[in-house]
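The values are calculated or read from the model by the stated rules, or taken from the named source; none is laboratory data. The structure displayed is predicted, hence computed values, not measured ones. Virtual Cβ from ideal backbone geometry, glycine too; neighbours counted across all protein chains shown. Ligands, DNA and RNA are stripped out before the accessible areas are found, and what is left, the full protein with its side chains, is counted by its heavy atoms. Shrake-Rupley method; radii C 1.70, N 1.55, O 1.52, S 1.80 Å.
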Amino acid sequence: MGIETRSFNVVAPPVGGTKLSAGKPATASTEQAPLNGNTFVAGNVTDGSLTTRWATEWADPQWVRIDLGSTQTFHHVQLDWESAYGKAYQIQTSNDGTNWTTVYTTTTGDGNFDDLAITGTGRYVRMYGTARGTTFGYSLFDFGIYS
Ligand SMILES: [Ca+2]
(Lines give C-alpha, C1' and ligand atoms only; values in the text may rest on other atoms or scores of the structure.)
Protein backbone atom coordinates (compact mmCIF):
# COMPACT_ATOMS: atom_id res chain seq x y z
CA MET A 1 0.00 0.00 0.00
CA GLY A 2 1.36 3.41 -0.94
CA ILE A 3 1.84 5.69 2.03
CA GLU A 4 0.84 9.34 2.01
CA THR A 5 3.90 11.28 3.09
CA ARG A 6 2.98 14.85 2.16
CA SER A 7 1.17 17.41 4.23
CA PHE A 8 -2.20 18.72 3.08
CA ASN A 9 -1.04 22.20 2.15
CA VAL A 10 0.91 21.25 -0.96
CA VAL A 11 0.04 23.68 -3.73
CA ALA A 12 0.29 22.67 -7.35
CA PRO A 13 2.45 24.86 -9.60
CA PRO A 14 0.04 27.24 -11.37
CA VAL A 15 -0.94 26.43 -14.94
CA GLY A 16 -2.59 28.77 -17.41
CA GLY A 17 -5.64 27.89 -19.47
CA THR A 18 -8.85 26.08 -18.63
CA LYS A 19 -8.64 22.81 -16.74
CA LEU A 20 -10.49 20.57 -19.20
CA SER A 21 -10.25 17.51 -16.95
CA ALA A 22 -12.03 19.08 -13.96
CA GLY A 23 -14.94 16.91 -12.85
CA LYS A 24 -14.73 14.62 -15.87
CA PRO A 25 -15.30 10.86 -15.51
CA ALA A 26 -12.23 8.65 -15.21
CA THR A 27 -11.66 4.93 -15.44
CA ALA A 28 -8.58 2.86 -14.74
CA SER A 29 -6.94 -0.51 -15.24
CA THR A 30 -7.15 -1.29 -11.51
CA GLU A 31 -8.09 0.47 -8.28
CA GLN A 32 -6.85 -0.40 -4.82
CA ALA A 33 -9.52 -1.48 -2.36
CA PRO A 34 -10.75 1.12 0.14
CA LEU A 35 -8.68 1.39 3.32
CA ASN A 36 -9.40 3.22 6.55
CA GLY A 37 -12.34 5.03 4.98
CA ASN A 38 -10.37 6.23 1.97
CA THR A 39 -11.11 5.20 -1.59
CA PHE A 40 -8.54 5.00 -4.41
CA VAL A 41 -10.87 5.17 -7.38
CA ALA A 42 -9.98 6.66 -10.76
CA GLY A 43 -12.38 9.56 -10.25
CA ASN A 44 -10.11 10.89 -7.50
CA VAL A 45 -7.78 12.29 -10.19
CA THR A 46 -10.43 14.72 -11.48
CA ASP A 47 -12.24 15.70 -8.28
CA GLY A 48 -10.22 18.88 -7.71
CA SER A 49 -8.85 17.68 -4.36
CA LEU A 50 -5.13 17.20 -3.88
CA THR A 51 -5.77 14.97 -0.88
CA THR A 52 -7.75 12.26 -2.69
CA ARG A 53 -5.91 9.88 -4.98
CA TRP A 54 -6.16 6.99 -7.37
CA ALA A 55 -3.93 3.97 -6.68
CA THR A 56 -3.38 0.73 -8.54
CA GLU A 57 -2.37 -2.81 -7.89
CA TRP A 58 1.40 -3.33 -7.63
CA ALA A 59 2.05 -4.43 -11.20
CA ASP A 60 2.87 -3.09 -14.67
CA PRO A 61 1.35 -1.83 -16.87
CA GLN A 62 -1.44 0.34 -15.41
CA TRP A 63 -3.46 3.21 -16.83
CA VAL A 64 -5.99 5.87 -15.93
CA ARG A 65 -8.19 7.40 -18.60
CA ILE A 66 -10.19 10.63 -18.58
CA ASP A 67 -13.22 11.17 -20.80
CA LEU A 68 -13.35 14.86 -21.75
CA GLY A 69 -16.85 14.36 -23.18
CA SER A 70 -15.98 15.62 -26.65
CA THR A 71 -12.86 16.08 -28.74
CA GLN A 72 -10.69 18.72 -27.09
CA THR A 73 -7.24 20.18 -27.74
CA PHE A 74 -4.92 20.62 -24.80
CA HIS A 75 -1.54 22.29 -24.40
CA HIS A 76 -0.45 21.25 -20.93
CA VAL A 77 -0.69 18.22 -18.67
CA GLN A 78 0.11 18.27 -14.98
CA LEU A 79 0.44 15.01 -13.06
CA ASP A 80 0.42 15.19 -9.26
CA TRP A 81 2.00 11.94 -8.11
CA GLU A 82 1.77 10.41 -4.70
CA SER A 83 4.98 8.81 -3.43
CA ALA A 84 4.06 5.78 -5.56
CA TYR A 85 4.92 7.36 -8.91
CA GLY A 86 5.38 6.29 -12.49
CA LYS A 87 8.96 6.23 -13.76
CA ALA A 88 8.17 5.22 -17.34
CA TYR A 89 4.84 6.24 -18.81
CA GLN A 90 3.16 7.68 -21.85
CA ILE A 91 0.44 10.29 -22.28
CA GLN A 92 -1.92 9.14 -25.01
CA THR A 93 -5.02 10.49 -26.73
CA SER A 94 -7.90 8.78 -28.47
CA ASN A 95 -11.21 9.70 -30.09
CA ASP A 96 -12.77 6.25 -29.71
CA GLY A 97 -11.20 4.85 -26.56
CA THR A 98 -9.61 2.04 -28.55
CA ASN A 99 -6.97 3.49 -30.87
CA TRP A 100 -4.36 5.56 -29.05
CA THR A 101 -1.86 8.17 -30.16
CA THR A 102 1.17 8.75 -27.96
CA VAL A 103 1.93 12.45 -27.44
CA TYR A 104 4.52 12.13 -24.66
CA THR A 105 6.91 9.44 -23.48
CA THR A 106 9.30 9.38 -20.56
CA THR A 107 11.42 6.70 -18.95
CA THR A 108 12.92 9.01 -16.32
CA GLY A 109 9.93 10.29 -14.37
CA ASP A 110 10.79 11.29 -10.80
CA GLY A 111 7.38 11.81 -9.24
CA ASN A 112 5.93 14.79 -7.38
CA PHE A 113 4.57 17.22 -10.00
CA ASP A 114 5.23 16.44 -13.66
CA ASP A 115 4.47 19.54 -15.73
CA LEU A 116 4.34 18.62 -19.39
CA ALA A 117 4.14 21.29 -22.08
CA ILE A 118 2.58 18.99 -24.66
CA THR A 119 -0.17 19.44 -27.20
CA GLY A 120 -2.73 16.80 -28.10
CA THR A 121 -6.27 16.39 -29.37
CA GLY A 122 -8.82 13.77 -28.43
CA ARG A 123 -11.88 12.93 -26.39
CA TYR A 124 -9.95 10.53 -24.18
CA VAL A 125 -6.60 11.18 -22.53
CA ARG A 126 -4.74 8.60 -20.51
CA MET A 127 -1.58 8.03 -18.55
CA TYR A 128 -0.24 4.63 -19.56
CA GLY A 129 2.40 3.49 -17.09
CA THR A 130 4.91 0.80 -17.98
CA ALA A 131 7.43 1.00 -15.12
CA ARG A 132 6.80 2.02 -11.53
CA GLY A 133 9.19 4.18 -9.56
CA THR A 134 8.72 2.10 -6.41
CA THR A 135 7.60 -1.39 -5.52
CA PHE A 136 4.13 0.07 -4.88
CA GLY A 137 1.62 0.75 -7.64
CA TYR A 138 0.84 3.96 -9.50
CA SER A 139 -0.87 6.69 -7.52
CA LEU A 140 -2.03 10.11 -8.68
CA PHE A 141 -3.66 12.86 -6.66
CA ASP A 142 -4.58 14.79 -9.78
CA PHE A 143 -4.44 14.49 -13.59
CA GLY A 144 -4.74 18.00 -14.94
CA ILE A 145 -5.41 18.53 -18.65
CA TYR A 146 -5.33 22.19 -19.69
CA SER A 147 -6.37 24.06 -22.81
CA1 LIG B 1 -7.77 14.18 -6.16
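For the chain, give the percent of accessible area contributed by carbon and sulfur heavy atoms, probe 1.4 Å, rounded to a whole number. If you can, show how the numbers build up before the last one.
Details: 3440 of 6750 Å².
Taking all protein chains in place, the chain shows 51 percent carbon and sulfur surface.
Over region 42-137, accessible surface divided per residue gives 41 Å², non-protein components excluded, 1.4 Å probe.
The simple spin-label model puts a point 7 Å past each Cα toward its Cβ; for SER83 and THR134 those points are separated by 0.5 nm.
Residue separation of THR71 and TYR146 scaled by 0.36 nm, minus their Cα-Cα distance, works out to 25.7 nm of gained length.
When the Cα positions of LEU79, LEU140, TYR128 are compared along the charge dipole of region 26-146, TYR128 comes out farthest toward the positive end, with charges on each C-beta of Lys, Arg, Asp and Glu. Give the residues of region 132-147 whose amide nitrogen is closer than 14 Å to a point set 7 Å from the Cα of THR107 in the direction of its Cβ. It comes to 132, nothing else.
Relative contact order for the chain using alpha-carbon pairs under 8 Å, separation at least 6, rounded to a whole percent? Before the final figure, lay out each step's value.
Working: 412 pairs, mean separation 48.5, N = 147.
Here the relative contact order equals 33 percent.
Rounded to whole Å, the principal axis extents of the Cα atoms in the chain read 37, 30, 27, largest first.
The modelled label-to-label distance for the pair ALA117/THR27, using points 7 Å beyond Cα in the direction of Cβ, is 3.5 nm. Rounded to the nearest 20, the Cβ-based charge dipole of region 26-146 about its Cα centre (Lys and Arg +1, Asp and Glu -1) stands at 180 debye. Our estimate of slack between LEU50 and ASN95, defined as 0.36 nm per intervening residue step minus the Cα-Cα distance, is 13.4 nm.
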